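In what follows, a structure is listed as structure tokens, so that the remarks can point back to it.
The values are calculated or read from the model by the stated rules, or taken from the named source; none is laboratory data. As the structure is a prediction and not an experimental result, all values here were calculated from the model. Here the Cβ positions follow ideal geometry from the backbone for every residue, glycine too, while neighbour counts run over all protein chains shown.
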């Protein structure tokens, strides 16, 4: 199969490219990238004039729920949501039922993803058996089975000795440890950010220190071990400053932030709408602005959705009893582009780094995040002039717990291409 993409503005930060180019794809890989390529026999053509062509977006933090919780999301529905959101690759967390803490679960996820055949799915295995924080998983066997990283996400690795051992093994295996920074002894039964709003309205709070003490602990360990540490869903100004200072000291660490922490703040909690109940909680406006500064100065490397689907019945409860989490794969690009790039808080090139180049680097996906001959032909094509309105009826996810419902703006996914196949097209609703 041959596909020629004509006259698109190619933005590939890893290759230092930002210009109008033609791209020829053959047999699922990039064949040629040049200013002008003539159509060859048997070749389909996409006219990309006025479109942005980027290396395929990668969401490095998702929850697909399969195996075991397919009523919330499945690998099939999650893949469809990813494709609609412009993601050609996603990494899925280990908190399935059973937990992805052994090779058989990892291999099941990979096999099921191949059956679905829409986007690339890279399993993230648990750090500890059963995510119980007691015993390390068989990390080498899981890497051999296809795990690309390790995380107990949903839980913090509370035992310092266990995270130390995990970082040491990860260094030998050359894979990242993705830490959910939350000291559970501090956060306890908290529901929202602890501060003026939680005090005034009688809601149980989660101190910012619950995140920051784990960030500090892990950075101290990492300074000595020098493995591959990634801190996920950073939410406080204090965490940003800790990471910023560690990077100045050349400590190898990376971090991500979510669209909801970048664009929303704790004042939405006043609606008592459980859709805004997330962990870590929505923080203050000052925290939100510092996260954006972290994107601007390189302290935060990636934007990841933390796509956490729940059934309507589970989420539609009193605030105190509703589960934490929101969905985000289908909306991440549009809301971030509209609110941060159009307002000139970020450049378009930086956005591509945050969604594609850097996630590929952090996860060690050496043949992703670039448009280069011989690499798998994964592309995300953007229509920056197209207006959008986020409506539940358009979702491919099984869930509707989206904090951006009703938002309108500009900037849409036009095509998602995986290994040379168009897996989503806005006009044709592929």
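Checking the condition at negative phi, modelled with pLDDT of 95 or more, touching a strand residue (DSSP E or B) at 6+ places or on another chain (Cβ under 8 Å) and outside the structural domain of residue 337 (by TED's automatic domain parsing), which residue from 62, 88, 106 passes?
On the way: 88 fails: outside the structural domain of residue 337 (by TED's automatic domain parsing); 106 fails: outside the structural domain of residue 337 (by TED's automatic domain parsing).
The match here is 62.
Give all pairs with beta carbons closer than 7 Å in which a residue from region 275-302 that is outside the structural domain of residue 323 (by TED's automatic domain parsing) meets a residue that is in a helix (DSSP H, G or I) and modelled with pLDDT under 95; count only pairs at least 6 apart in sequence or on separate chains.
So the pair list comes out empty.
Can you find even one residue in region 406-413 that is crowded, with 23+ Cβ neighbours inside 10 Å and more than 15 Å from the chain's Cα centre (by Cα)? Write out each step before concluding.
Keep residues of region 406-413 that are crowded, with 23+ Cβ neighbours inside 10 Å, which gives 411, 413.
If we keep only those that are more than 15 Å from the chain's Cα centre (by Cα) as well, we get 411, 413.
Looking through region 406-413, at least one residue is crowded, with 23+ Cβ neighbours inside 10 Å and more than 15 Å from the chain's Cα centre (by Cα).
Residue 390 passes all but one of (1) buried (at least 17 other Cβ atoms within 10 Å of the Cβ); (2) touching a helix residue (DSSP H, G or I) at 6+ places or on another chain (Cβ under 9 Å); (3) assigned by TED's automatic domain parsing to the domain that holds residue 273; which number fails?
Result: residue 390 fails condition (3) only.
Please tell me if residue 23 is at pLDDT 95 or above, over 30 Å from residue 124 (Cα atoms) and in contact with a helix residue (DSSP H, G or I) (Cβ under 9 Å, 6 or more places away or on another chain).
Details: at pLDDT 95 or above: yes; over 30 Å from residue 124 (Cα atoms): yes; in contact with a helix residue (DSSP H, G or I) (Cβ under 9 Å, 6 or more places away or on another chain): no.
When the stated conditions are applied, residue 23 does not pass them.
I'd like to know if region 27-48 contains one or more residues that are more than 16 Å from residue 416 (Cβ to Cβ), at pLDDT 95 or above and in contact with a helix residue (DSSP H, G or I) (Cβ under 8 Å, 6 or more places away or on another chain).
no
Inside region 1-35, can you point out the residues that are more than 16 Å from residue 51 (Cα to Cα) and not in a strand (DSSP E or B)?
1, 13, 14, 15, 16, 27, 28
Name the residue that is nearest to the chain's Cα centre (by Cα), counting only residues in region 298-322 that are surrounded by fewer than 23 Cβ atoms within 10 Å (Cβ to Cβ) and within 19 Å of residue 187 (Cβ to Cβ).
For region 298-322, the residue satisfying everything is 322.
Among the listed residues 340, 295, which satisfies the condition of being under 21 Å from residue 178 (Cβ atoms), surrounded by 19 or more Cβ atoms within 10 Å (Cβ to Cβ) and at pLDDT 95 or above?
Numbers: 340 fails: under 21 Å from residue 178 (Cβ atoms).
None of the other options fit; the residue is 295.
Every residue, every condition in (1) farther than 18 Å from residue 158 by Cα; (2) in contact with a helix residue (DSSP H, G or I) (Cβ under 7 Å, 6 or more places away or on another chain); (3) at pLDDT below 95, yes or no:
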site: 200; (1), (2), (3): yes, no, yes
site: 205; (1), (2), (3): yes, yes, no
site: 217; (1), (2), (3): no, yes, no
site: 227; (1), (2), (3): yes, yes, no
site: 232; (1), (2), (3): no, no, no
site: 237; (1), (2), (3): yes, yes, no
site: 248; (1), (2), (3): yes, no, no
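For residues in region 130-152 being crowded, with 24+ Cβ neighbours inside 10 Å and in contact (Cβ under 8 Å) with a residue 60 or more places away in the chain, which is nearest to residue 364 (Cα to Cα)? If you could, list the steps in order and put the result at the bottom.
Filtering region 130-152 for residues crowded, with 24+ Cβ neighbours inside 10 Å gives 137, 142, 147, 149-152.
After this cut, where a residue has to be in contact (Cβ under 8 Å) with a residue 60 or more places away in the chain as well, the list is 149, 151.
Values: 149: 9, 151: 15 Å.
My answer is 149.
In region 260-292, how many are farther than 19 Å from residue 154 by Cβ and under 19 Å from the mean Cα position of the chain (by Cα)?
6
If you go through region 250-260 one residue at a time, do you hit one that is crowded, with 22+ Cβ neighbours inside 10 Å, assigned to a loop (DSSP other than H, G, I, E, B) and free of Cβ contacts under 8 Å to residues at least 60 places away in the same chain?
No, region 250-260 has no match at all.
Suppose the filter is at positive phi and either buried (at least 18 other Cβ atoms within 10 Å of the Cβ) or in contact with a helix residue (DSSP H, G or I) (Cβ under 7 Å, 6 or more places away or on another chain) (or both); does residue 9 pass it?
Working: at positive phi: no; either buried (at least 18 other Cβ atoms within 10 Å of the Cβ) or in contact with a helix residue (DSSP H, G or I) (Cβ under 7 Å, 6 or more places away or on another chain) (or both): yes.
Answer is no for this residue.
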